[in-house]
Amino acid sequence: MRVLLTGHQGYLGTVMAPVLTAAGHEVVGLDAGLFADCVLGPVPDDPPGRRVDLRDITAEHVAGVDAVIHLAALSNDPLGSLAPELTYDINHHASVRLARLARDAGVQRFLYASTCSVYGAAGGGDLVTEEAPLRPVTPYAESKVRVEDDLHALSDGDFSPVYMRNATAFGYSPRLRADIVLNNLVGHALLSGEVLVLSDGTPWRPLVHAADIARAFTAALEAPREAVHDRAFNIGSEVNNVTVAEIAEEVAAAVSGSKVVITGETGADPRSYRVDFSRFRAAVPGFDCEWTVKQGALELADAYRGHGLTREDFERRFTRLAVLRGAAETGAVDDTLRWRR
Ligand SMILES: NC(=O)c1ccc[n+]([C@@H]2O[C@H](COP(=O)([O-])OP(=O)(O)OC[C@H]3O[C@@H](n4cnc5c(N)ncnc54)[C@H](O)[C@@H]3O)[C@@H](O)[C@H]2O)c1
């Protein structure tokens with residue numbers, strides 16, 4: 001298939017593009033390139049792509065495309081809170097516009113990168129399925145819910161949106177993000193000797209490796225229409241339904257000499273959910289996640305050591321919020337996060 005991959009120069013897109021290409025698909029990228037230079041190790045060649053802001057997409061960008069994988073977004077809760085109105089402009093309105101243009105151009109499948117953050121403060125008890133009430137607690141998560149709703153309204157006999165509700169990602173990508181929990185804690189452990197948990201460690205935070213997300217999207221792209229049409233799927237694995245304290249213990253085991261410090265304060269982030277991932281396995285027989293949290297912690301520690309991660313880069317270059325704040329302060333982007341050049 002000819003696949004338009006938005007966000008191909010982000011953390012997940014950089015891992016996903018080669019997986020799609022290896023599966024025989026022709027990938028065309030589209031990204032504003034906000035983090036294209038936030039690189040830790042060698043980047044595989046990007047697929048042919050365009051530097052375009054999602055808000056400026058036209059019919060030309062979706063012409064001749066069989067499927068869209070839509071990753072581009074302000075990609076986490078703190079970013080969304082930086083400027084909620086921009087989050088709705090980019091993550092919600094521009095995404096729905098892209099989907100409309102795609103549908104009008106005859107694109108048949110639209111895989112949308114949603115998130116388990118839509119479950120919000122679901123509590124620690126039962127596993128949440130895709131039928132659980134959605135309780136987004138941030139503009140970021142709310143924007144994802146609104147897109148799912150609007151895509152559902154666009155679905156028809158020819159156009160199949162699929163809502164991929166990813167758990168929190170982890171693992172090495174050359175375009176690293178250090179602002180997601182496992183990637184962050186491994187960096188702290190290596191740079192300071194402490195696995196610093198700024199809460200009591202009890203929230204549940206299901207995790208999934210970036211490479212498993214890439215495989216899941218590829219599987220959803222190739223699945224029969226009736227298996228995925230207009231359906232939401234939690235993407236991850238029950239083995240990686242872990243609390244923040246458990247994540248910290250895995251990190252301390254992977255980084256010798258480091259120790260867990262749990263501050264016990266009331267965390268700023270009220271999210272807590274344990275997730276049931278069985279629907280996707282049933283829809284796409286043969287699919288399962290391959291990576292555990294333990295393997296991911298070891299992989300990250302090796303990659304950080306091997307590529308010489310510095311504290312400066314850890315805190316600024318690989319933290320999405322810090323990069324955008326820096327770009328706004330230097331005037332590289334305007335107050336709507338568009339490049340000035
Ligand atoms: N990483 C996770 O833990 C996780 C979990 C669940 C869902 N997701 C979703 O997956 C997607 C990809 O996440 P990621 O971790 O790769 O994030 P990322 O920040 O690394 O990548 C997002 C990409 O979108 C691009 N982008 C942002 N605004 C844009 C705009 N206005 N126009 C064009 N491009 C723009 C950025 O340049 C970047 O390359 C996002 O939609 C995110 O919400 C991520």
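Throughout, read-outs are computed from the coordinates displayed, never taken from laboratory work. As the structure is a computational prediction, the values presented were derived from the model and not from experiment. With ideal geometry, Cβ positions are generated from the backbone for all residues, glycine too; neighbour counts draw on all protein chains shown.
The stretch between THR21 and ALA121 holds 32.3 nm of extra length on full extension. This uses 0.36 nm per residue minus the Cα-Cα distance.
Between ARG311 and GLU60, residue separation times 0.36 nm minus the direct Cα-Cα distance comes to 86.1 nm. The HN-Hα couplings worked out from phi for the stretch 204-221 by the Karplus form 6.51 cos²θ - 1.76 cosθ + 1.60 (θ = phi - 60°) are 7, 9, x, 10, 8, 6, 4, 5, 5, 4, 4, 5, 5, 5, 5, 5, 5, 5 Hz, whole numbers, x standing for Gly and Pro. The alpha carbons of the chain occupy a box of 56, 48, 37 Å along the principal axes, longest dimension given first. Each peptide in 199-208, 310-319, 111-120 gets a packing score, the mean of other Cβ atoms within 10 Å over its residues, and the list from highest to lowest is 111-120, 199-208, 310-319. With each label modelled as a point 7 angstrom along the Cα→C-beta vector, the LEU198-ARG97 pair spans 3.4 nm.
Length available on full extension from VAL137 to ALA245: 0.36 nm per residue minus the Cα-Cα distance, which gives 36.7 nm.
Between amide H atoms placed 1.01 Å from N, distances below 5 Å from PHE110 occur with VAL68, SER160, VAL162, all of them 5 or more places distant or on a separate chain.
In this simple spin-label model, placing a label point 7 Å from the Cα along the Cα-to-Cβ direction at both MET1 and ARG341 gives a separation of 3.5 nm.
For the stretch 74-130 and the stretch 182-256, what is the separation of their C-alpha centers, rounded to whole Å? Between the Cα centre of the stretch 74-130 and that of the stretch 182-256, the gap is 18 Å.
Per-peptide packing, taken as the mean over residues of other Cβ atoms within 10 Å, places 182-194, 151-163 in the sequence 182-194, 151-163 from highest down. Each of THR138, THR14 was scored by other Cβ atoms within 10 Å of its Cβ. Arranged with the fewest first, they read THR138, THR14. Ordered by the number of other Cβ atoms lying within 10 Å of each residue's own Cβ, fewest first, GLU130, GLU238, GLU329 fall into the sequence GLU329, GLU238, GLU130. Most tightly packed first, judged by the mean number of other beta-carbon atoms within 10 Å of their residues, the peptides 228-237, 295-304, 51-60, 253-262 read 228-237, 295-304, 253-262, 51-60. Taking θ as phi - 60° and the Karplus parameters 6.51, -1.76 and 1.60, the scalar couplings of the stretch 10-20 work out to x, 4, 6, x, 5, 7, 6, 4, x, 5, 5 Hz in sequence order, x denoting glycine and proline. With θ taken as phi - 60° and the Karplus curve 6.51 cos²θ - 1.76 cosθ + 1.60 applied, the whole-hertz 3J(HN,Hα) list for the stretch 272-284 is 7, 7, 10, 10, 8, 10, 6, 4, 5, 4, 6, 6, 10 Hz, x standing for glycine and proline. Label-to-label distance for GLU226 and ALA253 is 4.4 nm, based on points extended 7 Å past Cα in the beta-carbon direction.
Please report the base-10 log of the normalised intensity I(q)/I(0) for the stretch 211-341, using a Debye sum with one equal scatterer per alpha carbon and no solvent, at each q in 0.21 (1/Å). Log-scaled intensity ratios, in q order: -1.17.
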